[in-house]
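Here the structure comes first, spelled out in structure tokens, and everything after it is commentary.
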Amino acid sequence: FPVTIEARGKSIQFIRQHGAEPFIKQFIPNLFAAGNRGKNKAEINLLISRYTNFSPDALVGYYEAMMDRKDRTDLLKKSGIWFQFIIGAEDPAVSPAHALEQSALTEKASIHYLETVGHMGMIEAPEEITGILVKFLQTIEIENQ
């Protein structure tokens, strides 16, 4: 996906020019839906404080590895196992359209589209995410009996 590769390339340039801390400080809040940033301010600040000590080289290596990874969507098509998709409508890291495209590749998908969530649904909507995961696990457990 060229747009993703291009965005990751820009992130690498930013990290090399400005360092890890400024990158983390602007990156982490943007993983949350705009309407959730205020109510999740403490969690956002905790994540920022936890990750600002990353070395620029480690972050660049992370982005380069993501850019170079192989396409594994064939696993969705061929595995025959259940997949759980929890899609945040405001996710800047995984476009909802792309997530929906991927979910269509498998015959066994449980798909939940959350309107007010970004990439950090486990923090933005923890009770809802927990309920979705519990129901998913119960469903596949019943099917496998």
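The values are calculated or read from the model by the stated rules, or taken from the named source; none is laboratory data. All values derive from a computational prediction rather than experimental measurement. Glycine gets a Cβ as well: all are built from the backbone with ideal geometry, and neighbour counts include every protein chain shown. These accessible areas exclude ligands, DNA and RNA; they are computed on the full protein's heavy atoms, side chains included. Shrake-Rupley method; radii C 1.70, N 1.55, O 1.52, S 1.80 Å.
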Exercise. Assigning unit charges at the beta carbon (Lys, Arg +1; Asp, Glu -1) and nothing else, what dipole magnitude in debye, to the nearest 20, does segment 9-145 show about its Cα centre?
Worked result: 320
Seminar exercise, completed: For segment 1-43, the accessible surface attributable to carbon and sulfur atoms (probe 1.4 angstrom, ligands and nucleic acids excluded) amounts in percent to 57
For this session: Could you list, in their original order, any pairs among K78/K135; K25/K135; K70/K108; K25/K108; K10/K70 whose Cα atoms are separated by more than 30 Å?
Result: K25/K135; K25/K108
Problem set entry | Filtered trypsin sites (Lys or Arg not before Pro), segment 52-138: DSSP coil and at most 11 other beta carbons within 10 Å | R69, K70, R72
Problem set entry | 10 Å Cβ shell holding at most 12 others, DSSP loop, GluC sites (Glu not before Pro): longest site-free stretch of the chain | 1-106
Exercise. Does anyone have the angle between helix 56-68 and the longest principal axis of the chain? Alpha-carbon axes, 0 to 90°, nearest 10?
Worked result: 40
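Percent relative contact order of the chain, based on C-alpha pairs within less than 8 angstrom and at least six residues apart?
Reported relative contact order: 25 percent.
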Exercise. Cα atoms only, the chain: Rg and Dmax in Å?
Worked result: 17.2, 55
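How much accessible area per residue does segment 64-122 have, counting only protein heavy atoms and a probe of 1.4 Å, in square angstrom?
64
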